[in-house]
1. Within the range B:66-104, count every residue that is within 17 Å of A:Ala7 (Cβ to Cβ) and either of a type in the set (Val, Ile, Thr) or buried (at least 18 other Cβ atoms within 10 Å of the Cβ) (or both).
2. State which residue is farthest from B:Gly129 (Cα to Cα) when the search covers only the range B:186-213 and only residues that are within 14 Å of ligand 2 (Cβ to nearest atom) and assigned to a strand (DSSP E or B).
3. Filtering the range A:153-186 down to residues that are loosely packed, with under 15 Cβ neighbours inside 10 Å and in contact with a Leu (Cβ under 9 Å, 6 or more places away or on another chain), which residue is nearest to A:Asn333 (Cα to Cα)?
4. Just the residues that are touching a Leu at 6+ places or on another chain (Cβ under 6 Å) and farther than 13 Å from B:Phe89 by Cβ, please, taken from the range B:156-202.
5. Would you check if there is a residue in the range B:37-55 being without any contact (Cβ under 8 Å) to a residue 60 or more places away in the chain and more than 16 Å from ligand 2 (Cβ to nearest atom)?
6. Restricting attention to the range A:329-339, does a residue exist that is closer than 25 Å to A:Ile23 by Cα, part of a helix (DSSP H, G or I) and in the same structural domain as A:Ala253 (by TED's automatic domain parsing)?
7. Out of the residues in the range B:75-90 meeting the condition of being in contact with a strand residue (DSSP E or B) (Cβ under 9 Å, 6 or more places away or on another chain) and facing chain A (nearest Cβ under 7 Å), tell me which one is farthest from B:Leu171 (Cα to Cα).
Amino acid sequence: MSNLAAANLWQRKTRSAISIFGIAIGVALLLVLKGMLSGTIDEIANRMSNTGVDIFVYRKFEIWGGTEQMPHSYGKAIEDHLGPDRIKPLISIVQDKIQVIGKVQQENRVWGVSKKNLSALNVRLAGENKGRFFKDGSFEMLIDGRLSKHSGLDVGDTVRYLNHDWKIVGIHHIGVGVRVYVPFDTLQGLKFDRKGASIFAVMCREGIDPQQVAGQIKETRDANNEKLDVRPIVSATMYETFRKEARIIDDFANYVTIVAMSISCLVILLTMYTVVVERTRDIGVLKSLGATRFFIARAIITESLILCVLGVAVGVGLSYFAAWLIPTISLLNVTIPPQWVLIATLVGLVGGVLGALYPAAVAASKDPVVALTYE
Amino acid sequence: MPILKTIDLKKSYKIGSRWEPALTGVDMEVEEGEFVAIVGPSGCGKSTLLHLLGGLHRASGGRIFFDGDELTALPDFGLAAIRREKIGFVFQRFNLLPTLSARGNIEIAMKIRGLPTDDKVVEILKYMGLGDRMHHKPREMSIGEQQRVAIARAIVNKPKLLMADEPTGNLDSDNSNRILAEFKRLNEEHGQTILMITHNSEAAAVASRTLRMRDGRIIED
Ligand SMILES: Nc1ncnc2c1ncn2[C@@H]1O[C@H](COP(=O)(O)OP(=O)(O)OP(=O)(O)O)[C@@H](O)[C@H]1O
Ligand SMILES: [Mg+2]
């Protein structure tokens, strides 16, 4: 049975290859999209938690964190409310975005942090000959190793940002916080009209539960006895928070699942329908030999399944290749979730079998004499 | 007790809105071990008759009895079972599966019939003088060889009845003679019952009995 299917597929190699490729594209599309979503969220959540910060307090939380200003008094109020026994002194961060940096045309977050706080956030230089930290109040900049590689910029180069020339003075180790650091006071002066920050980073004392602290931050009141307008995000739940914020992309990926299945279905439907028409005489011969409808239908479905299995295999292969390639040529990350390999496999196979049902039914119900005399 | 018997067998085809009769009432009997040739002018209904007897088509009227079953009373899957177990077909155009080798063509027939694909495949190909053509695809074989593969495929399950529709129609005289000799050998050495349609009087002469058809009925036995 599978001999006949394999022989038939082998005989029309080009068409089989195209069908396999069609299914592979659908599967790869799904896996790479899911992989990019997971990879990006994973990486950012990791980077945030690598700073050692327990809670990030924003005014308004957008995807990847907010840039809106909070007055300095907020930080003071939080510190007073919780007290030095429960939390370390807050780290104030000004967050901004840089659109173009060297050859990289992709938005990257920038943190304005005081020199002292760089160490508090676990920022380290990438190596001994990788420059130094910036001076407070200067137009100096740190970028991470990966951004350095992709932007083509290194220590000593200049970056145009907020209508100023910034000098890169150091390359920092990847994977901690953001990719671009500048001095806190310089960025604050450029972005805000009065003193403030866009993030207050909270580190809890040992044995203190960040969840509880986050709850108390929400209850904190300012000098006018009004509740602070803030949103604290606990680092440990960052991944879930991002996932929720990125739900729209997740939903989109789920639609792609349906698209991928439809591609499989249509590719197999068209291929196998053509095959059934082309092989009308062969079907007549099989019937004259006494083949049942079931036998004929199974022959068609076997052929489709072979195409689908190969298509899924090629698609998964392509996806892993993309998962390796994309991060090496760009700043994007791709982590293919293993359970999605399973889902994509099912999508390819189920789509294929659904697509084969109609051609199989057509083949099975052909009149043997008409089929035998078909030209 | 004949192995095959028809009573007032009729078949009409619908052409547009009219029904055109192709068989107008065929009564015939074939005994086990006979080699029967059916001859007659083109369009007289020979192929139609063969298709009905082989359970490939349904009659419009009349009855067919074959080896203890009434074909005209069987459902589709019953007819498929009869074809699988008791009938072998040989066609004018060989009708081998083009993607399979000689051996593959016979093996698939055995698989359909639920037989194990064992040494019998080799045996039957050798019997048909095709021992060195086993791995050839149909297009890599001469037409005579192709037709011998088709015969091997038809007889591999030792059918009760071998049916052939102008088996020599596409062959030159040398190949025709060889095929006819094979049929005769099968009939004489193995008692194979054969029903063969032919245009060719030489071919008919090989048979032990000739039925002459005209206008959808048998006019001479
Ligand atoms: N599928 C069909 N639909 C309509 N008419 C058909 C069909 N098959 C056969 N006929 C008609 O039935 C009649 C008998 O055809 P059949 O094929 O049985 O003749 P035949 O004796 O085998 O002829 P030939 O020697 O040319 O093969 C012919 O008039 C033919 O046109
Ligand atoms: Mg005919």
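The values are calculated or read from the model by the stated rules, or taken from the named source; none is laboratory data. The structure presented is a predicted model; accordingly, all values stated were derived computationally and were not measured. Here the Cβ positions follow ideal geometry from the backbone for every residue, glycine too, while neighbour counts run over all protein chains shown.
1. Matching residues across the range B:66-104 total 9.
2. Ranking the candidates gives B:Met213 first.
3. Ranking the candidates gives A:Leu162 first.
4. If the condition is that a residue be touching a Leu at 6+ places or on another chain (Cβ under 6 Å) and farther than 13 Å from B:Phe89 by Cβ, then B:Gln192, B:Thr193 are the ones that fit.
5. yes
6. Scanning the range A:329-339 turns up at least one residue that is closer than 25 Å to A:Ile23 by Cα, part of a helix (DSSP H, G or I) and in the same structural domain as A:Ala253 (by TED's automatic domain parsing).
7. B:Arg83
Per-residue answers, yes or no, for (1) away from every other protein chain (no Cβ under 14 Å); (2) among the charged types (D, E, K, R); (3) part of a helix (DSSP H, G or I); (4) touching a residue at least 60 places away in the same chain (Cβ under 8 Å):
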{"residue": "A:Gly290", "(1), (2), (3), (4)": "no, no, no, no"}
{"residue": "A:Ala299", "(1), (2), (3), (4)": "no, no, yes, yes"}
{"residue": "A:Ser304", "(1), (2), (3), (4)": "yes, no, yes, no"}
{"residue": "A:Val312", "(1), (2), (3), (4)": "yes, no, yes, yes"}
{"residue": "A:Ala323", "(1), (2), (3), (4)": "yes, no, yes, yes"}
{"residue": "A:Ile326", "(1), (2), (3), (4)": "yes, no, yes, yes"}
{"residue": "A:Gly355", "(1), (2), (3), (4)": "yes, no, yes, yes"}
{"residue": "A:Val362", "(1), (2), (3), (4)": "yes, no, yes, yes"}
{"residue": "A:Val370", "(1), (2), (3), (4)": "no, no, yes, yes"}
